[in-house]
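Colleague: Take a look at this one; I'll ask things after.
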Amino acid sequence: MGRVSPLPPPGPLRTLAYATLVNSVGAGLWLAGGALYLTRDVGVSATSVGAGLTVAGLVGLTASVPLGALADRWDPRTLRAVLQVGQAVAALAYLLVGSFPAFLAVAVPEALLAAGNLAVRAALVAAVGGPDGRVHAFATLRAVANLGISVGTALAGIALAVDTHRAYQVLVVGNAASYLLSAALLLRLPPQPAGGGVRRRPGTDGAPPAATRPGALRRGGPLRDGWFLAVSGASAVLSTHVTVLVLVVPLWTVDRAGAPPPVVSAVLLANTVLTVLLAVRLSRGAERAAPAARKLRRAGLVLAAATPLYAVTGVLPVLPAVVLLLVATAVWTVGDLWHCAAGAGLAYDLAPPGAIGAYQGADGLLAGSAQALGRGLLTLLVLGGGPVGWLVLGGVFAAAGLAAPALTRRAVANRPAPQARPAGVPG
């Protein structure tokens, strides 16, 4: 029988999973209750909260590449622990917010730390998992994170039900405490090598691998690596499936399918349960660029296949519409999981071995930008266009997936050639 628990066997990955679980419980607390704390308890208007989070999110993306590159030079375990302590301080600072300017002054540095931490986390996952296990590790942690967010969301419901100043303060402190506990768990890991786990091979002349020497890295880093950016851009288009699921589908479910609001919770719960159960299994075979690109193509086509299912729910009676919403979400989740595994495998394998953090930062920058822009564009496309909007979205996903293998072949063919040492020069 296969493992039922999403936690991996004892070892460094399990320690990292515990740190992720704790951190994601805090994330669930804040995702469920943060906006209500700011509007109901602090008194910032909902419009101001939305605008502030958008501005902070876009500014925060600028930290992805620099902090990812820092993880290529420093121990990513220690660097991530330091960033999480900083995030704990930022989270606690929300207790001092009393106006929109103060909210923005906290939200911007918090977003910078969060975006940089994602790139550093990717470098840490690569170091812990190694070249053959990093995609598996990535999928494992995604399953664990979904479980933790679900727990945090349920706990936040208690504070939201009480709906008092003290209850909201406990919610904020709980989020901050999760960062500190996660940082402490990270420090139980052994120190990790910088650069995504690149080590000298035993028995060589002592020189670092050719691809990690300065001349082997593309000048200008990942933001000058056009074919990598093209592959990452295709993956970023598909990454908007997150925005569709958490923003567009709930609005469509209530406004166009006519389902009662609790159905939204059932749809999101179905996605969470399937992610916990299937994330690791569906990640297999994405460790190298070519098979990962084929999996990305499959993901695009599966996401595209789910869009007409969602579209039809707008013209069905409520009960069949609810059943079809759940079916469509199950199909969507398979595409979602294939995309996440394939996107991670491509971003890892197309990066030079000594620059995994920087390349993951660039990948996160594109994905974050696509999701930020997608909130408005996708809502307008689907809710404004109705079933036709869904079909257009499906065409975009299919095109992005179909383009991935060809773009990946070009990216592999245009990798910088390893530098050879001149004859007679010792390592």
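The values are calculated or read from the model by the stated rules, or taken from the named source; none is laboratory data. This structure is a prediction, so every number in the text was calculated from the model and none was measured. Quick reminder, even Gly has a Cβ in these numbers, built from the backbone with ideal geometry, and neighbours come from all protein chains shown. Surface areas here come from the heavy atoms of the whole protein model, side chains and all, with no ligands, DNA or RNA. Shrake-Rupley method; radii C 1.70, N 1.55, O 1.52, S 1.80 Å.
Colleague: Multiply the residue gap between Leu269 and Val89 by 0.36 nm, knock off their C-alpha separation, and tell me the result in nm, one decimal place.
Modeller: Once the chain is fully extended between Leu269 and Val89, it gains 61.7 nm.
Colleague: Given the peptides 301-314, 358-371, arrange them by the average over their residues of other C-beta atoms within 10 Å, most packed first.
Modeller: 358-371, 301-314
Colleague: Run the dipole for the stretch 1-78 about the Cα centre, Lys and Arg Cβ at +1, Asp and Glu Cβ at -1, nothing else charged, and hand back the magnitude in debye, nearest 20.
Modeller: Dipole size: approximately 220 debye.
Colleague: Additional query: Based on the alpha carbons, how large is the Rg to Rh ratio for the chain when Rh follows Kirkwood?
Modeller: 0.98
Colleague: Suppose R0 equals 25 Å; then what is the FRET efficiency for Thr164 and Val254 from their Cβ-Cβ distance, rounded to the nearest 0.05?
Modeller: The pair Thr164/Val254 has a calculated efficiency of 0.30.
Colleague: Let me ask you something else. Per-residue counts of other Cβ atoms within 10 Å, averaged by peptide: what ranking do you get for 236-244, 76-84, 405-413, highest first?
Modeller: 76-84, 236-244, 405-413
Colleague: Let me ask something else. Can you work out the accessible area per residue across the stretch 57-109, with the rest of the protein chains kept in place, probe 1.4 Å, in square angstrom?
Modeller: Ligands and nucleic acids excluded, the result is 42 Å² per residue.
Colleague: At 0.36 nm per residue, minus the direct Cα-Cα distance, what do Asn414 and Ala46 gain on full extension? Give it in nm, one decimal, please.
Modeller: Once the chain is fully extended between Asn414 and Ala46, it gains 127.7 nm.
Colleague: May I pose another question? Quick one: Cα convex hull volume of the stretch 338-386, Å³ per residue?
Modeller: 69 Å³
Colleague: May I pose another question? Grab the DSSP H runs of the chain that are 4 residues or longer, score each as -39,500 (n - 2.57), total them, divide by all residues and round the 222 nm result to the nearest 500 deg cm²/dmol.
Modeller: Helices in the chain give a 222 nm mean residue ellipticity of -25000 deg cm²/dmol.
Colleague: Using a cut-off of under 12 Å, list every residue of the stretch 137-174 whose amide N is near the label point 7 Å from the Cα of Leu31 along the Cα-to-beta-carbon line.
Modeller: What the label zone holds, given the 12 Å backbone N cut-off, is 142-154.
Colleague: Another question, if that's okay. Which part of the stretch 130-172 falls in the paramagnetic zone of Ala102, meaning amide N under 20 Å from the point 7 Å along Cα-to-beta-carbon?
Modeller: From the stretch 130-172, the list is 164-172.
Colleague: Another question, then. Tell me the Rg and the Dmax, in Å, that the Cα atoms of the stretch 248-406 produce.
Modeller: Expressed in Å, the Cα Rg and Dmax of the stretch 248-406 come to 16.6, 56.
Colleague: Any idea how far the Cα center of the stretch 312-388 sits from the one of the stretch 42-89, in Å?
Modeller: What the calculation gives is 22 Å, centre to centre.
Colleague: Which of Val59, Leu373, Pro9 sits closest to the plus end of the dipole of the chain, meaning its Cα is farthest towards the positive end, when Lys and Arg get +1 and Asp and Glu get -1 on the C-beta?
Modeller: Pro9
Colleague: How many percent of the accessible area of the chain is carbon or sulfur, using a 1.4 Å probe?
Modeller: 69 percent
Colleague: Dipole size in debye (nearest 20) for the chain around its Cα centre, Lys and Arg Cβ +1, Asp and Glu Cβ -1?
Modeller: Roughly 1320 debye for the chain.
Colleague: Can I ask one more? Among 145-152, 91-98, how do they line up by average Cβ neighbours within 10 Å per residue, starting with the highest?
Modeller: Highest to lowest by the protection proxy: 145-152, 91-98.
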